[in-house]
Amino acid sequence: MYAIVVAIIATTSAWVYVDATLNKIGKIPEAKGMFNMSAGAWAIVTLGLWIVGFPAYLIKRKSLIAKAKTRPVEVKARIAKTGALALVGGLWTFVAFNGPRPSLSLPACDSSDMTNLVGRLITDLPIVKEAGVQYVSMKNIEEPEYDREKEVRACTGTLVPPEGEDVVQYRIWWDAEGAGQVHVEAQIL
């Protein structure tokens, strides 16, 4: 999803630049106001702050074109600047599709969130509830296997109730739909 958003932002910022230069929209030196920007500035604002820049350009486009008809701004090296903008947007999109994706990392086997969750999962098992066992901590936590491609951790540890110990195995993985939810499956050995 991140890569698609990046592609949309890069494409729309290039479109804003091309549209503004074709319509001769630009900064008028003696004019004042927040929307008195060059075509390049409109493209950069769209690229850097899309959620504000792109809607602002679309809303102001008609009035900017009307101003440009009376005060047209010719852009020098328009093709080169368009190419540079397309190159930056294209590289950003390429990295978004092929590079490391920004995401949360899969929790480690020994993270407090995971060990607490495993303890609660085991405590909530009907047989454990009937026995009245409450786990106080977990020790000897290991990660014998980690599948980086599928992002699945296989973990083992020892749950410690007030008396005795129970060895537990658990797996941690992301949900299949990619919604950023972690799943944990645990069993007592």
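A few notes on this one:
- Selected residue (criterion: surrounded by the most Cβ atoms within 10 Å (Cβ to Cβ)) from residues of the stretch 121-167 that are over 30 Å from the mean Cα position of the chain (by Cα) and among the acidic types (Asp, Glu): Asp166
- With respect to the conditions (1) surrounded by 13 or more Cβ atoms within 10 Å (Cβ to Cβ); (2) not in a helix (DSSP H, G or I), Val118 lacks only one, and its number is (2).
- Candidate set: the stretch 112-150, residues that are among the polar types (S, T, N, Q) and in contact with a helix residue (DSSP H, G or I) (Cβ under 9 Å, 6 or more places away or on another chain); chosen: the one nearest to Leu189 (Cα to Cα): Thr123
- One residue from Ala56, Ala131 being of a type in the set (A, V, I, L, M) and farther than 27 Å from Ala3 by Cβ: Ala131
- Qualifying residue in the stretch 17-28 (condition: under 20 Å from Arg78 (Cβ atoms), among the β-branched types (Val, Ile, Thr) and part of a helix (DSSP H, G or I)): yes
- Among the residues of the stretch 1-26, those that are farther than 19 Å from Gly90 by Cα and either touching a Leu at 6+ places or on another chain (Cβ under 6 Å) or surrounded by 14 or more Cβ atoms within 10 Å (Cβ to Cβ) (or both) comprise Ala20, Thr21, Asn23, Lys24, Ile25, Gly26.
- Scanning the stretch 163-177 for residues that are among the acidic types (Asp, Glu) and in contact (Cβ under 8 Å) with a residue 40 or more places away in the chain yields one hit, Asp166.
- Condition check for Ala56: under 18 Å from Gly90 (Cα atoms) and either buried (at least 17 other Cβ atoms within 10 Å of the Cβ) or modelled with pLDDT of 90 or more (or both): no
- When Ala68, Ala43, Ala84 are screened for being under 20 Å from Ile8 (Cβ atoms), surrounded by 11 or more Cβ atoms within 10 Å (Cβ to Cβ) and either in contact with a helix residue (DSSP H, G or I) (Cβ under 9 Å, 6 or more places away or on another chain) or touching a residue at least 60 places away in the same chain (Cβ under 8 Å) (or both), only Ala43 passes.
- Output for the stretch 121-162, where each listed residue is among the acidic types (Asp, Glu), free of Cβ contacts under 8 Å to residues at least 40 places away in the same chain and over 12 Å from Asp110 (Cα atoms): Asp124, Glu130, Glu145, Asp147, Glu149
- Qualifying residues in the stretch 71-81 (those that are surrounded by 12 or more Cβ atoms within 10 Å (Cβ to Cβ) and not in a helix (DSSP H, G or I)) - the one farthest from the chain's Cα centre (by Cα): Arg71
The values are calculated or read from the model by the stated rules, or taken from the named source; none is laboratory data. Treat the numbers as computed from the prediction; the structure is a model and nothing was measured. Cβ coordinates were reconstructed from backbone atoms using ideal geometry, including for glycine residues, and neighbour counts include every protein chain displayed.
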